[in-house]
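Everything below concerns the one structure shown next.
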Amino acid sequence: MSERSIKCEVKDKHVHPCWALAEVTDGNALAKGKGVAEIQLVNTETFKPSRRYYALRSGQHTKPGVAMNFCPFCGADIITDVKIKSDDDEDQPNTRGGE
C-alpha cells in the first residue's frame, strides 16, 4: 500500500490492511513461526490471487494459523466470503462459518 490507511478494508475477497496490521505482518506466509501472517490463495487454473486474509500463528497453531475475523488494531471486520459447494445446492456464500 502506498498510503497509510487507518482502517482495514475488504475489496473483492482481498483484505487491504490498516497501517498497524501491515506493520506487524510477517512477510513470509510459509514460515512456521509465531506472529501475524498474510495468506494469499491462488486460483490454480488462472494462477491469479483469488483471496487474501490474515492469520494469527501462536501456540499449537503456528503451522496453519487461525484466520482473523477482525483487525486487532483498527477493529474492522476483515472476514472474506467463502463459497461452499454441496451436492444438493449451488455454490452458497458462507460468512463467518455460519449456516
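Couple of notes before you dig in:
- Members of the stretch 80-99 found to be of a type outside the set (Val, Ile, Thr) and either assigned to a loop (DSSP other than H, G, I, E, B) or at pLDDT 65 or above (or both), listed by number: Asp81, Lys85, Ser86, Asp87, Asp88, Asp89, Glu90, Asp91, Arg96, Gly97, Gly98, Glu99
- Residue in the stretch 63-79 that is within 17 Å of Lys11 (Cβ to Cβ), exposed (fewer than 15 other Cβ atoms within 10 Å of the Cβ), modelled with pLDDT under 85 and touching a strand residue (DSSP E or B) at 6+ places or on another chain (Cβ under 9 Å) present: no
- Total residues in the stretch 54-74, condition touching a residue at least 24 places away in the same chain (Cβ under 8 Å), assigned to a strand (DSSP E or B) and aromatic (Phe, Trp, Tyr): 1
The values are calculated or read from the model by the stated rules, or taken from the named source; none is laboratory data. On a predicted model such as this, the values are computed, not experimentally measured, just so you know. When we count neighbours, we look across all protein chains shown, and the Cβ atoms used for this are built from the backbone with ideal geometry, even at glycine.
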